[in-house]
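Taking it in order: structure first as C-alpha cells, then the write-up.
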Amino acid sequence: MATAVGENPVSVRGLRKSYGDWHAVQGLDLDIHAGEVFALLGPNGAGKTTTVEILEGVRQRTGGDVRVLGHDPAEDRREWRARIGVVPQTTGAYNDLTVREVVEHFAAFYPAPLPVGQVIDMVGLGKHEKKQSTDLSGGQARRLDVAVGIVGDPDLIFLDEPTTGLDPVARREAWDLVRWFSERGRTTVLTTHYLDEAEALAQRAAVIVAGRVVQYGPLADFGDRAKTPTTVSFRTPPELAHRLLPHLPHGAEAEPATADGLLRIRTHTPTALLSVLVPWAREAGVAELPELRVHRPTLEDVYLDLIRQNIGGTDRGTDPVDGAEEGTR
C-alpha cells in the first residue's frame with residue numbers, strides 16, 4: 001500500500017515517551033520528506049534511539065501522534081513492515097549461516113526483495129559470501145547488518161549508526177549505498193554521531209537534546225551559519241607588527257592582537273577582506289601572511305554550541321536503572 005500523494009513518509013506530533021518520572025522524549029515534532037536523507041543528531045541519552053524505535057514499531061509511545069508511511073507504527077501491520085528497512089545500532093548474530101544464507105533468509109520475508117547477489121556486492125561482501133557470518137570481522141559484520149536491512153528494497157530505511165566500526169574506505173562505500181537509495185527515491189532516517197557523515201549525506205536534520213528538538217531544518221541553516229561571521233586570522237610578522245591595519249571592508253572587526261602576535265578579524269566578506277590585507281602585507285615586503293587561516297563556522301561548531309546551550313536546565317526526572325529502557329520493549 002503506497003503512501004498517499006503529498007503525504008510525508010514520517011510525520012510526528014507531540015511524541016512523548018516516559019518511564020515513571022523519567023522523560024525520554026518530550027513533545028517531539030518531526031516531518032521527514034519523501035526521498036530525502038534526514039539525520040537525527042544529539043548526544044548519548046538524548047532520546048534519538050527511543051524515537052527511532054517508536055517509528056519502527058518496536059517500542060510503544062506514551063503519547064502523541066505518529067504516522068510512518070501513512071500508518072501508526074504501533075499497529076505493526078505485516079504489509080507495512082515489509083516497506084521499511086532497519087539497520088540497528090548493534091550487530092546481529094547469525095550462527096551457523098554463511099553471508100549468503102543470512103541475506104537469502106531475510107530476503108524471503110519480503111514480497112519483492114533486491115537480488116541477493118546484488119545486495120552482497122553492494123555492501124562489499126562479494127568475496128565473503130560463502131564465509132561463516134561468525135567468522136567476519138567487526139566491520140564486515142556491520143556490512144552484513146546493512147545488507148539485511150536493505151535487501152527488502154524498502155521505501156523507508158532506518159540507519160542507526162550504520163558506519164560505526166567501519167574503516168574510512170568502508171564508510172565511504174556505505175555513503176555511496178545511502179546515495180544509491182536516495183537516487184531511487186527512497187527515504188532514509190540516519191542516526192549518527194559523525195557530523196561529517198550527516199553533512200555529506202543529509203539534506204535536513206534535527207538535533208535532539210534531553211528528548212526535545214532544539215534545532216530542525218536544512219543543515220546549511222543550522223545556527224544561522226550563513227549569517228555567522230567568518231574569522232580570518234594570521235600571525236603578525238615583525239614587518240607588520242607596528243603597521244596600522246588598512247581600511248577594512250564594511251562590518252569587519254579586528255580583535256586586539258594576542259601577546260604572541262595572533263590577529264583575528266571577523267567579517268561577513270572574507271574575500272573582500274583578503275583583497276585588502278594581501279596588498280597591505282606586500283607593501284611591507286611580506287609575500288605570505290604567516291599561519292593565515294579562514295575559518296567559517298562548521299557544523300561541528302554549531303552542534304557543540306547547541307548542546308552547550310541546551311544540555312542544562314532540562315527536566316528529565318531520574319534516569320532509570322541501566323537496561324530498564326530496553327526491558328520495556
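The values are calculated or read from the model by the stated rules, or taken from the named source; none is laboratory data. Just so it is clear, the structure is predicted and the values come from calculations on it, not from any experiment. Please note: Cβ atoms are built from the backbone with ideal geometry, for glycine as well, and neighbour counts cover all protein chains shown. Protein only, heavy atoms only, side chains kept; ligands, DNA and RNA dropped before computing areas. Shrake-Rupley method; radii C 1.70, N 1.55, O 1.52, S 1.80 Å.
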Check your understanding: Taking Asp76, is it of a type outside the set (Ser, Thr, Tyr) and either in contact with a helix residue (DSSP H, G or I) (Cβ under 8 Å, 6 or more places away or on another chain) or on the phi < 0 side of the Ramachandran plot (or both)?
Key -> no
**Study point:** Among the candidates Arg282, Arg293, Arg243, residue that is farther than 30 Å from Gly47 by Cα, surrounded by 13 or more Cβ atoms within 10 Å (Cβ to Cβ) and of a type in the set (Lys, Arg)
**Key:** Arg243
Review point. For the stretch 1-77, which strands (runs of 3 or more DSSP E) that fit wholly inside it have 1 or more residues that are within 25 Å of Tyr303 (Cβ to Cβ) and open to solvent by less than 30 Å² (accessible area, probe 1.4 Å)?
Key: 10-19, 22-32, 37-41
Review point. Conditions: (1) within 21 Å of Leu144 (Cβ to Cβ); (2) at pLDDT below 90; (3) of a type in the set (Asp, Glu). Asp224 meets all but one. Number of the miss?
Key: (1)
Review point. How do the pairs read when you match residues in the stretch 278-302 that are on the phi > 0 side of the Ramachandran plot and in contact (Cβ under 8 Å) with a residue 12 or more places away in the chain with residues anywhere that are open to solvent by 60 Å² or more (accessible area, probe 1.4 Å) and assigned to a helix (DSSP H, G or I), using Cβ under 8 Å and keeping only pairs 6 or more apart or on different chains?
Key: Gly285/Glu239
Check your understanding: open to solvent by 70 Å² or more (accessible area, probe 1.4 Å), modelled with pLDDT of 85 or more, in a loop (DSSP other than H, G, I, E, B) and not aromatic (Phe, Trp, Tyr), is that true of Glu288?
Key -> yes
Point to revise | Search result, residues across the stretch 126-150 that are touching a Lys or Arg at 6+ places or on another chain (Cβ under 8 Å) and basic (Lys, Arg) | key: Lys130
Point to revise | Residues within the stretch 293-329 that are at pLDDT below 50 and of a type in the set (A, V, I, L, M), tallied | key: 2
Check your understanding: What number goes with the only condition from (1) modelled with pLDDT of 95 or more; (2) in contact with a strand residue (DSSP E or B) (Cβ under 7 Å, 6 or more places away or on another chain) that Lys48 does not pass?
Key -> (1)
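Is it the case, given these coordinates, that Leu97 is closer than 30 Å to Ser133 by Cα, open to solvent by less than 70 Å² (accessible area, probe 1.4 Å) and modelled with pLDDT under 95? So that I can check it myself, show each step before the final result.
Numbers: closer than 30 Å to Ser133 by Cα: yes; open to solvent by less than 70 Å² (accessible area, probe 1.4 Å): yes; modelled with pLDDT under 95: yes.
It is true that Leu97 is closer than 30 Å to Ser133 by Cα, open to solvent by less than 70 Å² (accessible area, probe 1.4 Å) and modelled with pLDDT under 95.
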